[in-house]
Amino acid sequence: MANQELTFGEEEFIVSKTDLNGKITYGNALFIQMSGYSERELIDQPHNILRHPDMPAVVFKLLWSKLKEGKEIFAYVKNKTKNEDYYWVFAHVTPSFDTNHKITNYHSVRRSPNQKVLEIIKPLYASLLQKERSSGIHASEAVLNQLLKDKGMSYDEFILSL
């Protein structure tokens, strides 16, 4: 039966690495288990194989923008599994660098999200997605930017304040 929410323990971490194009190069056992795919099915696939349709594209636009600037980012993400179930994570995504400070790959550690924070994130993402579907990603980005401006916070400050 698909569309069931999966959870994992607060003390557990989902870890994955991707190349510069977002293709999976490594996933720990929990990453593989939660995804519902085998390791063979995941390696060399785009990480967005796990992208849930409820996720607004603007979140990933922001994520990739920060990473390509060499900065870390924290984000709440709803992922889908191979059989269409889903799970929420609080992700910390960082670029990895070589000795010349050139980005070589990306590394993500995800933990179980705080359920009280999801009560804020879920309606926010739903409104961003609705705006995206009706008026495009730029309109969704404008809504997010206005929210941050109204709160007087950067995206990072907002996410970490929740």
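Nothing in this text is a laboratory measurement; each read-out follows from the coordinates by a stated rule. What you see is a predicted model, and the numbers here were worked out from it, not measured in a lab. Every residue, glycine among them, receives a Cβ derived from its backbone with ideal geometry; neighbour counts consider all protein chains shown.
For Thr7 and Ile49, what is the calculated FRET efficiency with R₀ set at 22 Å and r taken between the beta-carbons, to the nearest 0.05?
The pair Thr7/Ile49 has a calculated efficiency of 0.60.
Quick check on my link table: of Lys82/Lys131; Lys61/Lys149; Lys122/Lys151, which ones sit more than 23 Å apart, alpha carbon to alpha carbon?
From Lys82/Lys131; Lys61/Lys149; Lys122/Lys151, over 23 Å: Lys82/Lys131.
With a sphere of radius 14 Å drawn around the Cβ of Ala57, what net charge do the other residues whose Cβ falls strictly inside it have (Lys, Arg +1; Asp, Glu -1)?
Taking every Cβ under 14 Å from that of Ala57, the sum is +2.
Let me check I've understood the local charge: for Lys17, count other residues with C-beta under 15 angstrom from its C-beta, Lys and Arg +1, Asp and Glu -1. What total comes out?
Residues near Lys17 contribute -3 overall.
Taking a ≥ b ≥ c as the square roots of the eigenvalues of the Cα gyration tensor of the chain, is the shape rounded (a/c under 1.5), prolate (a/b larger than b/c) or oblate?
It is oblate, given that a/c is not under 1.5 and a/b is not larger than b/c.
Among Tyr87, Phe74, Ile24, pick out the residue whose Cα is farthest towards the positive end of the charge dipole of region 14-114, where Lys and Arg carry +1 and Asp and Glu carry -1 on C-beta, about the Cα centre.
My answer, from the dipole projection, is Phe74.
So what is the diffusion coefficient of region 1-56 in µm² per second by Stokes-Einstein at 37 °C and 0.692 mPa s, using a Kirkwood Rh over Cα pairs?
It diffuses with D of about 268 µm²/s by this estimate.
Less than 9 Å Cβ to Cβ from Lys80, Lys/Arg counted +1 and Asp/Glu -1: what total charge do the surrounding residues give?
With Lys, Arg at +1 and Asp, Glu at -1, the net is 0.
R0 = 22 Å: FRET efficiency of Asn100 with Lys68, Cβ-based, nearest 0.05?
Taking R0 as 22 Å, the efficiency between Asn100 and Lys68 is 0.85.
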